[in-house]
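Colleague: First, the structure itself, so that you have it in front of you.
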Amino acid sequence: MTETAIETNGLVKVFGDNRAVDGLDLTVPAGAVFGVLGPNGAGKTTAVRMLATLLRPDGGTARVFGRDVVAEADAVRSLVGLTGQYASLDEDMTGRENLVLIGRLLGFRKPAARARADELLEAFGLTAAAERQVKNYSGGMRRRLDISATLLNTPRLLFLDEPTTGLDPRSRNQVWDIVRAVVSYGTTVLLTTQYLDEADQLASRIGVIDHGKLIAEGTPGELKSSVGAGTVHVRLRDPAQRADAEKLLSAALGATATPDPDPRRVVIRVPGHGTEHGAAEDAARALSELAVAGIVIDDFSLGQPSLDEVFLALTDHPATEKETAA
Ligand SMILES: Nc1ncnc2c1ncn2[C@@H]1O[C@H](COP(=O)(O)OP(=O)(O)O)[C@@H](O)[C@H]1O
Ligand SMILES: [Mg+2]
């Protein structure tokens, strides 16, 4: 039995007439990364702020390791760490000074605060930059320092609210490594993201939220297979045969080809039909029909659908921003 880190029931937060979080039911098992995936404005930050006791719910309940976020807010606060879009670092202090200060605020004695700061700076590859003022840090360094600050007191649950938004790919990868390291030390991570590949890479379970509601939940594989069995990519020797190839594959798979800019490529989603034999068998049969028709292929693959396709299938709209009155 896995312990439950977070359990919400009908959680609601209303701003004016905007139901930012609208009856959220979420169960997050302990010991792993849980990804909360949703477009800008979906209610991710609002939900996290309620779970971190920074915002009072207007309805429903939320528990963190069994403690109610309203009635037992102090207990919850002692269990969680929060980082994300509202870093509280002092720009004029060095990275090390920031960590030592936060450690002192958390109640560490000076030598312990220093030792813990040095340990984290080392772990996050910031030792060389430790004596530099934070205002001279790159975006990636700042993000790493921000995360390390939340780990000073090794929380049991760490909220990472869009930890890689706006980062370049290299810094993004560094943050991903850190997230994996944090989990390997036993901390549960609730990570919000707008990036489908990020949730896919890091999370063992994903909750998809849209307009303040959970619209799907499961492992990345489950979410992807709920949408379709997979996608067949075929690379033709002769682009002149593309129309024939598309026609044959569409008929064999019972689906239409997705337009592709490469004239030699045909991409077709294999519809899921919940049977045992599944996409691989369907794809193999379709490919053999190409061979019979004398259509030569240089390459083919059968891939799981992307999370982008998942979002589209679940919401009937792509993962775009919530429309606001502004
Ligand atoms: N303090 C606030 N006051 C009024 N509206 C807010 C406030 N915070 C968030 N909202 C609104 O609530 C909705 C959800 O926002 P948010 O939780 O920030 O979404 P996300 O983090 O998924 O981008 C949005 O429509 C946003 O404009
Ligand atoms: Mg947000």
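Colleague: How about segment 206-222: which of its residues are of a type in the set (A, V, I, L, M, F, W, C) and within 13 Å of the chain's Cα centre (by Cα)?
Modeller: Narrowing segment 206-222 to residues of a type in the set (A, V, I, L, M, F, W, C): 206, 208-209, 214-216.
The answer is 206, 208, 209.
Colleague: Something else about it: Is one or more of the residues making up segment 243-252 in a loop (DSSP other than H, G, I, E, B) and on the phi < 0 side of the Ramachandran plot? Full working, then the answer.
Modeller: First pass over segment 243-252, keeping only residues in a loop (DSSP other than H, G, I, E, B): none.
The answer is no, given that none of the residues of segment 243-252 is in a loop (DSSP other than H, G, I, E, B) and on the phi < 0 side of the Ramachandran plot.
Colleague: Looking only at segment 160-187, filter to residues that are part of a helix (DSSP H, G or I) and among the polar types (S, T, N, Q); which one of those is nearest to residue 142 (Cα to Cα)? Give the steps one after another, and end with the answer.
Modeller: First, pick out the residues of segment 160-187 that are part of a helix (DSSP H, G or I): 169-184.
Restricting the remaining residues to those that are among the polar types (S, T, N, Q) gives 171, 173-174, 184.
Numbers: 171: 10, 173: 14, 174: 12, 184: 22 Å.
Out of the qualifying residues, it is 171.
Colleague: With the structure loaded, tell me whether residue 79 is near ligand 1 (Cβ under 10 Å from one of its atoms) and over 18 Å from the mean Cα position of the chain (by Cα) or whether it fails that test.
Modeller: Values: near ligand 1 (Cβ under 10 Å from one of its atoms): no; over 18 Å from the mean Cα position of the chain (by Cα): yes.
For residue 79, the condition - near ligand 1 (Cβ under 10 Å from one of its atoms) and over 18 Å from the mean Cα position of the chain (by Cα) - is not met.
Colleague: Residue under question is residue 14, and the condition is that it be in a loop (DSSP other than H, G, I, E, B) and either more than 21 Å from the chain's Cα centre (by Cα) or within 12 Å of ligand 1 (Cβ to nearest atom) (or both); does it hold? Can you show your working first?
Modeller: Numbers: in a loop (DSSP other than H, G, I, E, B): no; either more than 21 Å from the chain's Cα centre (by Cα) or within 12 Å of ligand 1 (Cβ to nearest atom) (or both): yes.
No; evaluated as a whole, the condition is false for this residue.
Colleague: Oh, and also: Could you grab the pairs with beta carbons closer than 8 Å, sequence gap of 6+ or different chains, first residue in segment 59-88 and assigned by TED's automatic domain parsing to the domain that holds residue 48 and closer than 17 Å to residue 190 by Cα, second one within 16 Å of ligand 1 (Cβ to nearest atom) and at pLDDT below 90?
Modeller: Correct list of pairs: 83/163; 84/163; 85/165.
Colleague: Mind listing whichever residues of segment 188-221 are away from ligand 2 (no atom under 15 Å from the Cβ) and part of a helix (DSSP H, G or I)?
Modeller: 196, 197, 200, 201, 202, 220, 221
Colleague: Same structure again: Scanning segment 33-52 for residues that are within 21 Å of residue 3 (Cα to Cα) and touching a helix residue (DSSP H, G or I) at 6+ places or on another chain (Cβ under 6 Å), which turns out surrounded by the most Cβ atoms within 10 Å (Cβ to Cβ)?
Modeller: That would be 36.
Colleague: What's the number of the only condition in (1) in a helix (DSSP H, G or I); (2) among the aliphatic types (A, V, I, L, M); (3) in the same structural domain as residue 49 (by TED's automatic domain parsing) that residue 240 fails to meet?
Modeller: (3)
Colleague: Continuing with this model, one more query. Output the residues belonging to segment 190-248 that are buried (at least 23 other Cβ atoms within 10 Å of the Cβ) and among the acidic types (Asp, Glu).
Modeller: Passing the criteria: only 198.
Colleague: Just need a number here: residues in segment 40-58 that are out of contact with any strand residue (DSSP E or B) (no Cβ under 6 Å at 6 or more places or on another chain), farther than 16 Å from residue 190 by Cβ and more than 7 Å from ligand 1 (Cβ to nearest atom).
Modeller: 1
Colleague: Identify all residues within segment 175-202 that are touching a helix residue (DSSP H, G or I) at 6+ places or on another chain (Cβ under 8 Å) and within 16 Å of ligand 1 (Cβ to nearest atom); write none if there are none.
Modeller: Hits for segment 175-202 are 190, 191, 192, 193, 196, 198, 199.
Colleague: How do the pairs read when you match residues in segment 141-163 that are at pLDDT 85 or above with residues anywhere that are of a type in the set (Phe, Trp, Tyr), using Cβ under 6 Å and keeping only pairs 6 or more apart or on different chains?
Modeller: Between residues of segment 141-163 that are at pLDDT 85 or above and residues that are of a type in the set (Phe, Trp, Tyr), the close pairs are 144/124; 148/124.
Colleague: Of all residues in segment 39-84, which are outside any helix (DSSP H, G or I), on the phi < 0 side of the Ramachandran plot and within 12 Å of ligand 2 (Cβ to nearest atom)?
Modeller: Residues satisfying the conditions are 39, 40, 42.
Colleague: Another one. Can you say whether residue 99 is outside any loop (DSSP other than H, G, I, E, B), assigned by TED's automatic domain parsing to the domain that holds residue 191 and at pLDDT 90 or above, as far as the supplied structure shows? Full working, then the answer.
Modeller: Values: outside any loop (DSSP other than H, G, I, E, B): yes; assigned by TED's automatic domain parsing to the domain that holds residue 191: yes; at pLDDT 90 or above: yes.
For residue 99, the condition - outside any loop (DSSP other than H, G, I, E, B), assigned by TED's automatic domain parsing to the domain that holds residue 191 and at pLDDT 90 or above - is met.
The values are calculated or read from the model by the stated rules, or taken from the named source; none is laboratory data. Quantities reported herein were computed from a predicted structural model and do not represent experimental measurements. A quick note on method: Cβ atoms are made from the backbone with ideal geometry, for glycine too, and the neighbour counts reach across all protein chains shown.
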